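I have placed the structure first, in the form of structure tokens, so that the comments after it can refer back to it.
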Amino acid sequence: MTYTNKSVQADFGQARASFAYIFKIEVDGELFLVGNEHPDNWRYQPVGGGYHYFDESKAVIDKYFAPKPAPSIHEQLNGWLSKEGEGEGKLDSDYELNNLSIPGGLSNAKAKSLQSSDNDFRFLLPAAKVRMLFEYFCSTELVKNEGLSTENSNQEAKVNLEQRMSEACEVNDMFTDLVYKTGELAVDKGWAQERGLNGAGQVMAYLKTQNDLYTGGPDLVCHREQISDLSREFKEELFDSGIIPKHLQNNFKTICYDYLGYYREFFFDERFGCYSFFVSDVVKLNLTSEQEDVFRWLKQQNNHNYCFIKEQDMTQHILYRTDSVDKVPAPPIADHSQKLLTQWLKNTSFYNRTAQRTFCVDL
């Protein structure tokens, strides 16, 4: 497989922004993970993937943020699947891997937009605009003054207000640091000097001015997939892949999950030669007894497209992006899978996200 993003590098002042969601699926004290999209560097990760936005938001995104996405490395839906497997749990030969299953209730226009990788919420854009993009993303489910209703006591209201103010400061510091680090990178690469800029601070001020940061962002709500319906990736990775065979899919007419919060972070991304800002929503699947039995059945199959692992054992199997799979004992597990761990989940946030915590979706 050719990794299309190998040839995509950020330009002066750019960062990458990526917004995704993952499922915590736990059965009998073990976490369920699926193979990732690197067949030559195989590792396991949570069910989930990048958010998609709908075509109604394309013009806004093109105008304010980025005319084209920063590509992912998916060139084919479920292209990561290993065709090898034993027993009934292997991929059905008559099952179309490219048969994208669209969540019910979407219009034809939205269904078409979901099928396009161009609608992934992943962008290369000016670093000075990443915060604006984050706020636009959150506008879909924005919670204003959460927990400050008259039903709360004055003390509860004070605690919630203080927490929101603290998180607002954290968010501000994060995006300020992202732009400054991008300025430092421009100096290191000589891009700043080519423009007569001699330090990260000068680059930072230049980026804010050049990107009309003071004019504000779109006063519009982003049209995209929402926390209330994250069924698309679930269906793509477990149904369309054939991991859960067709005769067992009737046990999943509805899925229910709890919203556990989200992570926000940025790091240097060697794939794009820039800093990446990353948001990851985490939901925990609430399985019925019938659905648990399906996953127990999966565990009995000899299928290398997924694995089960105890939470306390995961850390010794973690691989970072540049690590070789032989660095850890099998099964090798992608580093972002650590976001499912109970200890890590204590660091999630609900800031400017949904007040609702439990959702049910008809598949």
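List every residue pair whose Cβ atoms sit under 7 Å apart, with the two residues 6 or more apart in sequence or on different chains, where the first one lies in segment 1-15 and is modelled with pLDDT of 90 or more and part of a strand (DSSP E or B) and the second, anywhere, is crowded, with 17+ Cβ neighbours inside 10 Å and among the hydroxyl-bearing types (S, T, Y). These pairs meet every condition: A15/T182; A15/Y275; A15/S276. Considering only segment 314-329, I want to know if a residue exists there that is in contact (Cβ under 8 Å) with a residue 24 or more places away in the chain, more than 30 Å from E170 (Cβ to Cβ) and not acidic (D, E). Yes, because at least one residue in segment 314-329 is in contact (Cβ under 8 Å) with a residue 24 or more places away in the chain, more than 30 Å from E170 (Cβ to Cβ) and not acidic (D, E). Has segment 16-31 got any residue that is among the acidic types (D, E), over 27 Å from G273 (Cβ atoms), outside any loop (DSSP other than H, G, I, E, B) and modelled with pLDDT under 60? No, there is no match, as no residue in segment 16-31 is among the acidic types (D, E), over 27 Å from G273 (Cβ atoms), outside any loop (DSSP other than H, G, I, E, B) and modelled with pLDDT under 60. Of the listed requirements (1) touching a helix residue (DSSP H, G or I) at 6+ places or on another chain (Cβ under 7 Å); (2) surrounded by 18 or more Cβ atoms within 10 Å (Cβ to Cβ), F359 misses just one: (1). Residues of segment 173-208 that are buried (at least 19 other Cβ atoms within 10 Å of the Cβ) and under 16 Å from A10 (Cα atoms): L178, V179, K181, T182, G183, L185, A186, A192, V203, L207. Applying the criterion of being assigned to a helix (DSSP H, G or I) and in contact with a strand residue (DSSP E or B) (Cβ under 6 Å, 6 or more places away or on another chain) to the residues of segment 227-242, the residue that is surrounded by the most Cβ atoms within 10 Å (Cβ to Cβ) is E237.
Can R271 be described as of a type outside the set (S, T, N, Q), modelled with pLDDT under 95 and over 19 Å from L33 (Cα atoms)?
On the way: of a type outside the set (S, T, N, Q): yes; modelled with pLDDT under 95: yes; over 19 Å from L33 (Cα atoms): yes.
Taking the combined requirement at face value, the residue satisfies it.
The values are calculated or read from the model by the stated rules, or taken from the named source; none is laboratory data. Predicted model only: the values in this text are computed from it and were never measured. So basically every Cβ, Gly included, is an ideal-geometry build from the backbone, and we count neighbours across all protein chains shown.
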